[in-house]
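These notes are about the structure you will find just below.
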Amino acid sequence: MSGNGYLLEVKDLRKWFEVRRGIFSKPLWLKAVDGVSFELRPGEAVSLVGESGSGKTTLGKTILLLHEPTDGKIIFKGEDVTHLKDKKKLMWYRRETGLVQQDPFGAMPSFMTIYRILEEPLIIHKVGDKKEREEIIYKALEEVRLTPVEDFAPKYPHMLSGGQLQRVAIARALILRPSLVVADEPVSMLDASVRVEILNLMREMQESRNITFIYITHDLSTTRYFSEWIFIMYAGHIVERGPTQRVIRNPLHPYTKALLAAIPDPDPENRKRFRDVPPGEPPSLIAPPPGCRFAPRCPVAMDKCKKEEPPEVEVEHNHFVKCWLYV
Amino acid sequence: MLEVKDLRLYYATRKGVVRAVDKVSFTLEKGETLAIVGESGCGKSSMAKALIRLLPRNVHTYDGVVSLDGKNLMELSDEEFRREVRWRQISMVFQGAQNALNPVLKVGFQIAEPLMIQEGVPKEEALERARKALRMVGVHESFADRYPFELSGGMRQRAVIAMAMITNPKIIILDEPTSALDVITQANIMNLLKKIKQEREISYIFITHDIALSSELADRVAVMYAGQIVEFTDAEEFYTNPKHPYSQKLMASVPTLRSDKKLEFIPGAPPSLLNPPPGCRFHPRCDKAIPRCREEEPPEVAVKEKHYVKCWLYA
């Protein structure tokens with residue numbers, strides 16, 4: 001751990017993808033993540049919320065070094081891991097981090113049994129002998145409540161339901177006892193009745209093992225049940241971040257306000273009223289608007305918003321917003 | 001206006017007969033929206049296909065009564081149904097339809113197509129009406145001369161809604177109309193659908209797995225489970241006081257933004273439609289099940305006027 005008590009520090013992180021337009025023209029850049037900074041302490045859970053194309057998945061994958069960062073810094077346990085070239089160091093980082101993907105069916109090799117799927121990371125990282133590995137695998141299955149474990153271990157992915165398979169994915173992500181886990185929309189492909197169960201399970205394991213957890217989602221209404229922190233992303237930027245309850249009860253950024261206004265709770269009165277949401281859609285990330293990226297849709301945009309990028313301001317303790325209204 | 005009685009749609013597969021829609025009955029009044037909610041695989045989309053009669057090849061059983069303004073549509077031949085009912089009286093916005101527009105045809109032409117094919121409207125007039133329909137759904141009419149890739153996801157969805165509306169049908173079936181869209185775009189589309197409903201006396205059948213979203217349009221709600229409707233009631237009743245144990249659990253599993261409640265989940269998974277459990281199909285997951293639930297299929301009980309529950313607890 002570094003001296004300042006942070007497990008993960010992300011500093012002005014950028015991930016641009018090259019999009020070519022023919023041989024003679026200049027390359028264009030799709031700026032999926034464009035200057036993101038935050039810190040997380042050990043055992044903190046954060047929800048990274050944004051619409052599709054906001055860069056939330058890219059940010060998650062870049063933090064795990066599944067994408068090579070274009071610019072900025074990632075500091076993990078006090079070490080700069082931004083461009084890890086040393087294989088040993090990279091193995092260490094891989095072991096310290098885990099990923100749960102959205103589609104559990106696509107994330108599992110169909111020709112391997114559940115046992116083999118869980119054994120693979122242990123073999124790669126040379127954990128234990130055969131007997132010890134079996135113990136670890138059975139314990140992991142028990143923890144995600146796939147019991148009796150002897151029944152589940154020899155099964156193949158197609159024999160399990162989506163919810164059961166997502167439990168396997170969680171077990172796999174946690175089997176090397178990582179200290180940082182990114183879960184990318186882990187419940188959005190599951191049925192409503194199963195979602196809560198999986199979220200509860202992840203929360204339980206996150207708390208009992210003191211894992212730092214980044215939960216990527218487009219669904220604001222589930223964040224309250226999962227994390228104490230919330231980061232709102234829009235067009236490659238984090239536009240607001242703070243404690244979950246405070247951001248939901250007292251949103252500051254006009255985009256966060258719009259997002260909250262767009263989400264219904266079950267209520268028969270809903271059908272009688274119109275929702276107050278801005279028109280339009282998120283900008284292109286190849287040529288984002290100058291100034292604030294939400295300005296073209298923002299109901300309270302000022303002249304300045306269209307010209308200059310707003311700075312991130314700490315409005316209340318730990319509650320940051322990237323908006324000219326609060327400068 | 002629309003009365004569906006004992007509608008069945010079974011598919012024949014190599015593993016056996018899949019009972020996707022199993023004796024479903026409901027009614028829909030003019031200008032009213034019926035939301036059909038349920039988890040994936042409960043038969044919601046099959047029901048839509050049965051209503052608009054777009055059936056796959058492996059149909060095993062397709063019967064019951066679907067009567068529109070007193071006329072039983074099930075007695076029509078496929079050709080008569082195509083000519084007189086589909087799109088003229090009942091149209092549909094398919095799930096993910098915004099991504100199913102033909103990429104090489106201009107948007108306006110695709111919106112106008114039902115008019116030309118169904119009603120024989122001359123091309124020029126049909127295109128003019130397509131432009132009007134685009135304006136109605138909040139897209140500038142110049143987009144009629146563009147190709148689908150030039151429109152954003154939300155605009156394409158609006159175009160698909162324009163296509164469903166252009167023949168002035170009595171009923172539009174909306175099958176997960178916003179499932180691939182972002183929340184703000186989704187709210188904008190819901191606003192649009194509400195506006196259309198206010199301006200014209202149109203009825204929607206709104207199929208969704210999202211309970212919270214269903215309350216944006218629903219006047220009445222039907223809950224589907226394993227091919228059957230287990231509860232059918234008014235929105236006011238359903239969202240505040242659901243009666244069927246499945247509806248209650250489903251409601252308790254919906255995360256909410258504005259109220260603090262403890263979330264629950266339903267243990268187990270929905271049954272296979274190949275071989276549904278005997279008795280009540282929900283009984284293996286129901287914590288209120290009594291011995292009778294395991295043996296006998298529950299009747300549809302009217303617990304109140306216009307509130308039907310298929311459950312032994314109320315019989």
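Bear in mind these aren't lab numbers, they're just calculated from the coordinates by the rules spelled out. Just so you know, these numbers come straight off a predicted model, no measurement behind them. Note: ideal-geometry Cβ built from the backbone for every residue, glycine included; neighbour counts use all protein chains shown.
Points to keep in mind about this one:
- Under 5 Å, built H, 5+ apart or other chain: amide partners of residue B:174: B:93, B:205, B:206, B:207
- Chain lengthening between residue A:188 and residue A:68 when straightened (0.36 nm per residue, less Cα-Cα): 40.5 nm
- When shorter helices are ignored and each DSSP H run of at least 4 residues is given -39500 (n - 2.57), the per-residue value for chain B at 222 nm works out to -8500 deg cm²/dmol.
- Volume per residue that the Cα convex hull of the stretch B:98-168 spans, once the total is divided by residue count, Å³: 73
- Spin-label model, residue A:131/residue A:274: points 7 Å from Cα along the beta carbon direction are separated by 7.3 nm.
- Spacing of the modelled spin labels on residue A:88 and residue B:71, each 7 Å from Cα toward Cβ, amounts to 8.2 nm.
- Compared with the alpha-carbon gap, the fully stretched path from residue B:63 to residue B:141 is longer by 23.8 nm at 0.36 nm per residue.
- Counting only lysines at least 8 places from residue A:304 when in the same chain, those with an alpha carbon closer than 29 Å to its own are A:11, A:15, A:31, A:56, A:257, A:322.
- Within the same chain, lysines fewer than 8 places from residue A:155 are excluded, and of the rest, those with a Cα less than 28 Å from its Cα are A:126, A:130, A:131, A:139, B:15.
- Per-q log10 I(q)/I(0), chain B, q = 0.08, 0.14, 0.15 Å⁻¹ (Debye; single scatterer per alpha-carbon; no solvent): -0.38, -1.12, -1.25
- Take each residue in B:177-183, count the other chain C-beta atoms within 10 Å of its C-beta, and the mean is 4.
- Spin-label model distance (nm) - residue B:1 vs residue A:209, 7 Å beyond Cα toward Cβ: 5.5
- 0 to 90° range, to nearest 10: angle between helix A:192-209 axis and chain A longest Cα axis: 80
- Gyration tensor verdict on the stretch B:173-315 (Cα atoms; rounded if a/c is under 1.5, prolate if a/b is larger than b/c, oblate otherwise): prolate
- FRET efficiency for the pair residue B:102 and residue A:307, taken as 1/(1 + (r/R0)^6) with r the Cβ-Cβ distance and R0 = 30 Å, rounds to 0.15.
- Set of the stretch A:52-74 residues, backbone N closer than 17 Å to the point 7 Å along the Cα-Cβ line of residue A:4: A:72-74
- For residue A:233, residues with placed amide H under 5 Å, excluding near neighbours: A:49, A:50, A:239
- The shape of the stretch A:24-124 comes out prolate: with a ≥ b ≥ c from the C-alpha gyration tensor, a/c is at least 1.5 and a/b beats b/c.
- Acute angle (nearest 10 degrees) that the helix A:87-96 long axis makes with the longest principal axis of chain A, alpha-carbon atoms: 90
- Charge context of residue A:291, other residues only, Cβ under 14 angstrom, K/R +1, D/E -1: +2
- DSSP finds beta bridges in chain B, and of those with both partners inside it, around 65 percent are antiparallel.
- Spherically averaged projected area of the protein assembly as shown from its Cα convex hull (nm²): 32.1
- Other protein chain C-beta atoms within 10 Å of residue C-beta, averaged over A:257-265: 6.
- Computed log₁₀ I(q)/I(0) - Debye formula, equal Cα scatterers, no solvent, chain A, q 0.07, 0.12, 0.13 Å⁻¹: -0.32, -0.90, -1.03
- Judged by the mean number of other Cβ atoms found within 10 Å, the most tightly packed of the peptides B:226-234, A:221-229 leads the ranking B:226-234, A:221-229.
- Under the combined filter of DSSP loop state and at most 10 neighbouring Cβ atoms within 10 Å, the stretch A:13-63 retains these chymotrypsin sites (Phe, Trp or Tyr not before Pro): A:24.
- For the peptide B:153-160, the mean number of other protein chain Cβ atoms found within 10 angstrom of a residue's Cβ is 1.
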